[in-house]
Amino acid sequence: MTVSDSTRTGDDQPLVRALNVMKSFHGNEVLKGIDLDVQRGQVVCLLGPSGSGKTTFLRCINQLESIDGGRIWVDGDLVGFRDDGGQLHHLSDKQVAAQRREIGMVFQRFNLFPHMTALENICEAPIQVRGTDKKQARERALDLLRQVGLGDKPAAYPAQLSGGQQQRVAIARALAMDPKLMLFDEPTSALDPELVGDVLKVMRDLADQGMTMIVVTHEMGFARDVADHVVFMDGGVVVEQGSPADVINNPQHERTRSFLKRMRTEDEEAAADAAAADAAADAEA
Amino acid sequence: MTTPSTDDRPGLIDARPVPHPGRWVALAIIVILIAMMISSFITNPRWDFSKAFEIMVQTPVLEGLVKGTIVGTIGAMVIGIIGGVIIAILRLSTNPVLRGVSFVYTWFFRGIPRLVLLAMIGSGIGFLYSKVDFGVPFGQQFASWLGLSQDFTFFTLNVNQFSSTLLAGIVGLGLSEAAYMAEIARAGILSVDKGQAEAAAALGMSRGRAMRRIVLPQAMRVIVPPTGNEAIAMVKDTSLLSAIPIITELFYQTSAIGNRTLLIMPAFVAATVWYLLIGSVMMVGQYFLEKRFGRGFGTKPTNKRFARPAGAGGA
């Protein structure tokens, strides 16, 4: 698939380019022209209040939602369409599936397959979709489980794992397809506070290994420490973007400032709650 | 009431259970009723259980049991389940033509009584179409119009012969069952969280593969219990095969012997005992099926080595 010169991506070109992406649900405009470049090896965090469109935008990148306007390219390929001299044609289900293979996704609610063990969850797509040899897929799955700190849990069913363990299996499952790009949709939002750290650590390791990642998150600490680029969205537009130092520590827009202030208060409250819970537990023991 | 002092610290609890006198009364009444029933079985010679057991093992009865009732049930349920799942998938398709086909199928086969359907298959269809040719559509018309010797017919089915066979009866019951199974399968598919299909899609699975590997196995958990119901109902509905007419079937054979020997009630008892026996075996089978498709659900770890860690939350 070829694209025009302005969007052709070589190694020095962005892995993901979104131009003027628009999306409506039943006449309700959720994305109002999003532009975003993600370079290879970059970690980009999408911040913003709920309803700002960040999750929708993430889902558009691997076509869990279709876009109404604009274009998205991943590694030079136009996402969801074939461009025939300016006339777009929808891709077939098979072609869409082929594009998704290159993009890993981690969901807020984990979405592990409950009827399969952790190992089977990870092996499923490589064997069924890529046609990888079963033994090879198994070896790789065990490696990935060790990598996410669950080397002792290959035979556990999701219901026997904690939320944090499930999410780490879900990350391993996405990595088993050797994606070029990983999308994280609020990966720690459904977790008990004490389980968040393990998942964030796995994501940090992944970032250190040079994986390109787009992360929708409310974890300000993670965004500050790990992200190369932070995007603040509100009301379906990008309000401001830049390095974490600029956006988080020195926001230029009023909307960013008030959001960050709210998040900080919540963080402090959560920290206070956790401290109180710890104190109570100590008192009990 | 006074709150006792803290000096006297209470120990382990040894409390009397709440009395349930009603339960004992009910038990006594049931025991008496059962005793009366047993006594009537023994003292009323017309029950004649020994004759009933004799009828149960007669060759035509056994043949009817195996062919019409057991093979009939298995065959009809196989057609019904496969057909039902296909119709349910069509019903949930994004293609409006397929959705329409599925709707009309369910509307038709759920709407007509099985007895009427089987009677039509047995006598009606053969009258309308005594033979059915399989070939190119309108091939014969084109051939005669163009004067060709080849009429594009590859295979001919003699409907008059086919329509009175057990296979025709099985197909009839299966087509009817598929309409009910479609609704059960649809409910099962819809019971699976949307996130499952999304996760499968995000891994690059095609919709068909996601359905086969991810959604249907989970839907089975919801599909199996009502399907067990349907299968047990089907055992009983094989008695309708006599409308085709097919007489190698349990109820026809037992009642025929009853009519011939005037052992009316023993013959009915023979059929009843067989139906109950089959139903019991099927309930055992259903238990194991439910266990198989319940993997990963429920709180009991299937593998003791990976017991749920204390205090861990599950999704």
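The values are calculated or read from the model by the stated rules, or taken from the named source; none is laboratory data. Treat the numbers as computed from the prediction; the structure is a model and nothing was measured. Note: ideal-geometry Cβ built from the backbone for every residue, glycine included; neighbour counts use all protein chains shown.
Would you check if B:Ala187 is surrounded by fewer than 18 Cβ atoms within 10 Å (Cβ to Cβ), over 20 Å from the mean Cα position of the chain (by Cα) and in a helix (DSSP H, G or I)? So that I can check it myself, show each step before the final result.
Numbers: surrounded by fewer than 18 Cβ atoms within 10 Å (Cβ to Cβ): yes; over 20 Å from the mean Cα position of the chain (by Cα): no; in a helix (DSSP H, G or I): yes.
Taking the combined requirement at face value, the residue does not satisfy it.
Table: residues versus (1) within 20 Å of B:Val101 (Cα to Cα); (2) of a type in the set (Ser, Thr, Tyr).
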site	(1), (2)
B:Leu166	no, no
B:Tyr180	yes, yes
B:Arg186	yes, no
B:Ser191	no, yes
B:Gly195	no, no
B:Leu216	no, no
B:Val224	no, no
B:Ala233	no, no
**Prompt:** Of these, A:Leu150, A:Leu119, A:Leu88, A:Leu145, which one is touching a Lys or Arg at 6+ places or on another chain (Cβ under 8 Å) and part of a loop (DSSP other than H, G, I, E, B)?
**Reply:** A:Leu150
**Request:** Tell me, please, whether a residue that is within 14 Å of another protein chain (Cβ to nearest Cβ) and more than 29 Å from B:Ile125 (Cβ to Cβ) can be found in segment B:180-188.
**Result:** yes
**When residues of segment A:238-255 are limited to those that are of a type in the set (A, V, I, L, M) and either touching a Lys or Arg at 6+ places or on another chain (Cβ under 7 Å) or surrounded by fewer than 11 Cβ atoms within 10 Å (Cβ to Cβ) (or both), the one farthest from A:Ser52 (Cα to Cα)** = A:Ala245
**Item:** Flag if B:Arg213 is in contact with a Phe, Trp or Tyr (Cβ under 8 Å, 6 or more places away or on another chain) and under 25 Å from B:Ile86 (Cβ atoms)
**Value:** no
**Asked** Limited to segment A:122-134, what total is found for residues that are polar (S, T, N, Q) and at the interface with chain B (Cβ under 9 Å from one of its Cβ atoms)?
**Response** 1
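Here is a yes/no grid of residues against (1) at pLDDT below 95; (2) under 24 Å from B:Lys236 (Cα atoms):
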| position | (1), (2) |
| --- | --- |
| B:Pro17 | yes, no |
| B:Val25 | no, no |
| B:Gly84 | no, yes |
| B:Ile89 | yes, no |
| B:Leu98 | no, no |
**Prompt:** Listed residues A:Ile61, A:Ile72; which is closer than 21 Å to A:Ile34 by Cα, within 14 Å of chain B (Cβ to nearest Cβ), of a type in the set (Val, Ile, Thr) and out of contact with any Asp or Glu (no Cβ under 9 Å at 6 or more places or on another chain)?
**Reply:** A:Ile61
**Request:** Keeping to segment B:196-231, report how many residues are on the phi < 0 side of the Ramachandran plot and at the interface with chain A (Cβ under 7 Å from one of its Cβ atoms).
**Result:** 14
**Prompt:** Which members of segment B:229-247 meet the condition of being surrounded by 16 or more Cβ atoms within 10 Å (Cβ to Cβ), at pLDDT 90 or above and either not hydroxyl-bearing (Ser, Thr, Tyr) or not in a helix (DSSP H, G or I) (or both)?
**Reply:** B:Glu230, B:Ala231, B:Ile232, B:Met234, B:Val235, B:Asp237, B:Leu240, B:Leu241
**Request:** Could you tell me whether segment A:78-98 includes any residue that is among the charged types (D, E, K, R), within 11 Å of another protein chain (Cβ to nearest Cβ) and touching a residue at least 40 places away in the same chain (Cβ under 8 Å)?
**Result:** no
**Message:** Let me confirm something: among B:Gly64, B:Gly84, which residue is crowded, with 19+ Cβ neighbours inside 10 Å, small (Gly, Ala, Ser), in contact with a Leu (Cβ under 8 Å, 6 or more places away or on another chain) and in contact (Cβ under 8 Å) with a residue 40 or more places away in the chain?
**Reply:** B:Gly64
**Prompt:** Just for helices (runs of 4 or more DSSP H) wholly inside segment B:35-154: which have at least 3 residues that are in contact with a Gly (Cβ under 8 Å, 6 or more places away or on another chain)?
**Reply:** B:72-91, B:114-119
**Item:** Candidate set: segment A:48-101, residues that are more than 30 Å from A:Met263 (Cα to Cα) and of a type in the set (Phe, Trp, Tyr); chosen: the one surrounded by the fewest Cβ atoms within 10 Å (Cβ to Cβ)
**Value:** A:Phe81
**Prompt:** If A:Arg146 satisfies every condition in (1) of a type in the set (Lys, Arg); (2) at the interface with chain B (Cβ under 10 Å from one of its Cβ atoms); (3) surrounded by fewer than 16 Cβ atoms within 10 Å (Cβ to Cβ) but one, which is the exception?
**Reply:** (2)
**Item:** Pair list, Cβ < 7 Å and 6+ apart or interchain, from segment B:203-220 residues that are surrounded by fewer than 21 Cβ atoms within 10 Å (Cβ to Cβ) to residues that are of a type in the set (Asp, Glu)
**Value:** B:Ser206/A:Asp93; B:Arg207/A:Asp93; B:Arg213/A:Glu124
**Prompt:** In this structure, is A:Arg109 within 9 Å of another protein chain (Cβ to nearest Cβ) and charged (D, E, K, R)?
**Reply:** yes
**Item:** Where a residue in segment A:256-279 is surrounded by 12 or more Cβ atoms within 10 Å (Cβ to Cβ) and its partner, wherever it lies, is at pLDDT 70 or above and part of a helix (DSSP H, G or I), with Cβ under 6 Å and at least six apart
**Value:** A:Met263/A:Met220; A:Ala274/A:Pro193
**Asked** What number goes with the only condition from (1) modelled with pLDDT of 95 or more; (2) farther than 30 Å from B:Leu190 by Cβ that B:Ile79 does not pass?
**Response** (2)
**Request:** Return the total of residues in segment B:45-61 being in contact with a Leu (Cβ under 9 Å, 6 or more places away or on another chain) and hydrophobic (A, V, I, L, M, F, W, C).
**Result:** 4
**Request:** Scan segment A:161-179 and report the pairs whose first residue is more than 8 Å from chain B (Cβ to nearest Cβ) and whose second residue is of a type in the set (Lys, Arg) and part of a loop (DSSP other than H, G, I, E, B), with Cβ atoms within less than 8 Å and a gap of 6+ or a chain change.
**Result:** A:Val169/A:Lys153; A:Pro179/A:Arg101
**Request:** Can you confirm whether segment A:119-136 contains a residue that is without any contact (Cβ under 8 Å) to a residue 24 or more places away in the chain and over 23 Å from B:Arg207 (Cα atoms)?
**Result:** yes
**Asked** Considering segment B:96-146 alone, what residues qualify as being more than 21 Å from B:Ala185 (Cα to Cα), loosely packed, with under 12 Cβ neighbours inside 10 Å and among the hydrophobic types (A, V, I, L, M, F, W, C)?
**Response** B:Phe127, B:Leu128, B:Phe134, B:Phe138, B:Trp145, B:Leu146
